[in-house]
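Asks: Have a look at this one before I ask anything.
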Amino acid sequence: MDAFWHFAKQMLRWRTHLIFGLIFAMISAGGMGAGIIAMQPVLDTILEPGHRGLPQLVEEYTATGWSQGLVSQSTIDALPEGPFDAVMWIMISLGVLTIFGAAANFLHQYLALTVVHRSVALIRRRAFGRVIHLPLKTIVSEGPTDAISRIVNDTEALSAGFVALLSKAVAQITKGLVALIVALITNWQLALVALLLMPILATVIRKLGKRIRRASERALSSRAGLYRAATEALQGMRVVKVHTTERYEAGRFGRINKEVLKQQLKVRTARAMAGPLVEMITVFTLGALTLVAVKLIIDGHLDKSEFMTVLVALAIAGASIKPITGLVNDIQQSGAAADRLKRLLGADPEPGHDVRMPKLARHSQTLAFDNVSFLYPGGSSRAIADVSLKINAGETVAFVGPNGCGKTTLLSLVPRLFDPNEGRVLIDGIDTTRVRVRSLRRQIGVVTQEVVLFKGTIRENIAYGNPSVSFEQIKLAAEQARAASFIDALEEGYDTPVGEQGLTLSGGQRQRIAIARAILRDPAILILDEATSMVDAESERLIGDVLSTFCTDRTTLIVAHRLSTVLGADRIVVMDQGSIVATGTHDELIESSPLYRSLARHQLIEHDERDT
């Protein structure tokens, strides 16, 4: 439970809300308790044979002490003399006191839930900020779903514990249990008869529950945006990191999180209203029954002192025992969620974001893999094994090999999506682990076979990672990517909404938007990971024309599966089982490398023939 109390301290940020909430809770408890507990001696005095009426009681209590002279004689003389009239006025007074107590209770619940939701929103945003800055290796090994569950579900469970902590007090629970025991010991039959009122209260609670449920459904609907934002960012983690948009994604999540908070604060009002309404109905119902019972007592059909003891005890119990059923479970469940959240927030962030680290100058000389090896978490064999390769600036290098040979993994080391377990990646002779990762990734453009588009407009997707670019620059990039023609044909043009994962567009259209995004970055290093493998022949031809122009004077690394792509490269690297087994031109490798010869005759040619 240490983690739960660690997060509970976050609520101290809103000390004013907490202080006023405590004051209102004390007013509510004090008013209700004082009023109902005072009923028995007052009624007992009034209903005794030869009783003293209200005028006599008030006169006696205001004769001495601090209350002396508090009530004028004319007011005392105006008080009713008869026992039934006196009781009726007492009940009216108690009703007024109950209304004030219920209002104070509403304000207590309102402020408590405000603190809870604001605290959880803050913790939720911090959790997402931590996840978006975790190493990709961590996300790959644990899966994005677990992170999403901690961000959304665990914070919701933590919220339930905070509600139990702030809106339900141990003192009220203890007082309620004692009062219920007293009622059952005094007259268990009468106490059980009084408990028959529970179906009436259950009906009221059910109706209130429907209102709360409807409001909660709207809150859950808006919360779906949190899942979407978190899922998109984490599933597209490669794109987020390569485009250095961690801050943008954290800001986007923060805006949706703010909308969820707005909806939850609406639910807060309905939940805060439920308790006071139930208390008011309980007290007024008991008040009406008291009037009937008093009539029976006057007629000699019921022992008044025993009845009043049970009545007062049940009234206090009804107001105090409400939270007991869910209190322990809520806090225990929240404790488990808090442990998971604390581990998440304590995880080491991705290295390379220290502002004191030097920035990497724009690449202009060489890119080198110096004896690098890499093993995925939980893997039994190395995905990359002792790879050394030097690439000159402006050179186009194609990587070929059987599926799973490590091509994509090797190129993922360049933007530091992963760091090698052994060896170094050098850009212009500088170890990439010794420079700021943002300065590295800003120089790299990546286009993969699985294009990641985010919910928004086409304009926003092209400008992703470049928020300061002008619309003219966006249009120019789209034209260079051969995307302007289909964008202009859309009814809303560049402001056309893009569905989740870009499913409202064809594969070729999504790919050209991704290329426009890369063009807009003006990268010194371009990584093409089977960029045309998922599109039709016509789209492949258009994309090929774009890339042939765009790759000029840029260091281009291509994971190739088409013979035409391989033939256009300056050099070909053949990989197998995580190692480089041959390098050279197409003609050289056809003569010297049996593996490349097999790939060229079967895998690479089959792709071209299938397109043809």
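Asks: Pull up region 467-482, narrow it to residues that are surrounded by 18 or more Cβ atoms within 10 Å (Cβ to Cβ) and touching a residue at least 60 places away in the same chain (Cβ under 8 Å), then point me to the one that is nearest to the chain's Cα centre (by Cα).
Replies: Looking at residues that are surrounded by 18 or more Cβ atoms within 10 Å (Cβ to Cβ) and touching a residue at least 60 places away in the same chain (Cβ under 8 Å), I get Ala481.
Asks: If you take the residues in region 132-143 that are open to solvent by less than 50 Å² (accessible area, probe 1.4 Å) and within 16 Å of Ala250 (Cβ to Cβ), which one is nearest to the chain's Cα centre (by Cα)?
Replies: Here the residue is Ile132.
Asks: Just checking, does region 492-503 include any residue being within 16 Å of Thr448 (Cα to Cα), part of a helix (DSSP H, G or I) and not basic (Lys, Arg)?
Replies: Looking through region 492-503, at least one residue is within 16 Å of Thr448 (Cα to Cα), part of a helix (DSSP H, G or I) and not basic (Lys, Arg).
Asks: A follow-up question, please. If the requirement is being part of a helix (DSSP H, G or I) and modelled with pLDDT of 90 or more, which of these qualifies: Leu595, Leu557, Leu604?
Replies: Leu595
Asks: Residue check, Ile572 against (1) modelled with pLDDT of 85 or more; (2) farther than 23 Å from Tyr464 by Cβ; (3) of a type outside the set (D, E, K, R); (4) open to solvent by 10 Å² or more (accessible area, probe 1.4 Å), all met but one. Which one?
Replies: (4)
Asks: Same structure, new question: From the residues in region 337-349 that are part of a loop (DSSP other than H, G, I, E, B) and out of contact with any Lys or Arg (no Cβ under 8 Å at 6 or more places or on another chain), which one is farthest from Asn392 (Cα to Cα)?
Replies: That would be Gly346.
Asks: A further question follows. For region 79-93, state whether one or more residues are among the acidic types (Asp, Glu) and within 29 Å of Ala25 (Cα to Cα).
Replies: no
Asks: Which is in a loop (DSSP other than H, G, I, E, B), touching a strand residue (DSSP E or B) at 6+ places or on another chain (Cβ under 6 Å) and either within 30 Å of His602 (Cα to Cα) or modelled with pLDDT under 95 (or both), of Arg362, Arg382?
Replies: Exactly one residue qualifies, and that residue is Arg382.
Asks: Here are some conditions: (1) surrounded by fewer than 17 Cβ atoms within 10 Å (Cβ to Cβ); (2) touching a Gly at 6+ places or on another chain (Cβ under 8 Å); (3) at pLDDT below 70. Leu201 meets all but one. Which one does it not meet?
Replies: (2)
Asks: Hey, any hits in region 147-161 for a residue that's modelled with pLDDT under 85 and surrounded by fewer than 18 Cβ atoms within 10 Å (Cβ to Cβ)?
Replies: Yes, there is a match, as at least one residue in region 147-161 is modelled with pLDDT under 85 and surrounded by fewer than 18 Cβ atoms within 10 Å (Cβ to Cβ).
Asks: Consider only pairs whose beta carbons are under 7 Å apart and that are at least six residues apart or on different chains; among these, list those whose first residue lies in region 163-184 and is in a helix (DSSP H, G or I) and open to solvent by 50 Å² or more (accessible area, probe 1.4 Å) and whose second residue is at pLDDT below 65 and not hydroxyl-bearing (Ser, Thr, Tyr).
Replies: That search, which allows pairs on different chains as well, returns Leu177/Ile321; Leu180/Ile321.
Asks: Here's something else I'd like to know. Kindly check whether there is at least one residue in region 541-550 that is in a helix (DSSP H, G or I), within 40 Å of the chain's Cα centre (by Cα) and acidic (Asp, Glu).
Replies: Looking for residues that are in a helix (DSSP H, G or I), within 40 Å of the chain's Cα centre (by Cα) and acidic (Asp, Glu), one finds none in region 541-550, hence no.
Asks: Tell me, yes or no, whether region 575-583 has at least one residue that is among the small types (Gly, Ala, Ser), assigned to a strand (DSSP E or B), at pLDDT 85 or above and open to solvent by 10 Å² or more (accessible area, probe 1.4 Å).
Replies: yes
Asks: Criterion first (open to solvent by less than 30 Å² (accessible area, probe 1.4 Å) and at pLDDT below 70) does Val42 satisfy it?
Replies: The answer is no for Val42.
Asks: Further, regarding this structure: Can we say Ser485 is more than 28 Å from Lys359 (Cα to Cα), open to solvent by 20 Å² or more (accessible area, probe 1.4 Å) and among the hydroxyl-bearing types (Ser, Thr, Tyr)?
Replies: Criteria met by Ser485.
Asks: Within region 504-524, identify whether any single residue is among the aliphatic types (A, V, I, L, M), surrounded by 16 or more Cβ atoms within 10 Å (Cβ to Cβ) and part of a strand (DSSP E or B), and answer yes or no.
Replies: Among the residues of region 504-524, not one is among the aliphatic types (A, V, I, L, M), surrounded by 16 or more Cβ atoms within 10 Å (Cβ to Cβ) and part of a strand (DSSP E or B), which makes the answer no.
Asks: Take region 365-379 and flag every residue that is crowded, with 16+ Cβ neighbours inside 10 Å, of a type outside the set (Phe, Trp, Tyr) and not in a loop (DSSP other than H, G, I, E, B).
Replies: Leu367, Ala368, Val372, Ser373
Asks: Moving on. Would you pick out the residues in region 385-405 that are open to solvent by less than 10 Å² (accessible area, probe 1.4 Å) and either touching a Phe, Trp or Tyr at 6+ places or on another chain (Cβ under 8 Å) or not in a loop (DSSP other than H, G, I, E, B) (or both)?
Replies: Answer for region 385-405, where residues must be open to solvent by less than 10 Å² (accessible area, probe 1.4 Å) and either touching a Phe, Trp or Tyr at 6+ places or on another chain (Cβ under 8 Å) or not in a loop (DSSP other than H, G, I, E, B) (or both): Val387, Ile391, Val397, Ala398, Phe399, Val400.
The values are calculated or read from the model by the stated rules, or taken from the named source; none is laboratory data. Because the structure is predicted, anything quoted here is derived from the model rather than measured. Virtual Cβ from ideal backbone geometry, glycine too; neighbours counted across all protein chains shown. To get the accessible areas, we keep the full protein, side chains included, count just its heavy atoms, and leave off ligands, DNA and RNA. Shrake-Rupley method; radii C 1.70, N 1.55, O 1.52, S 1.80 Å.
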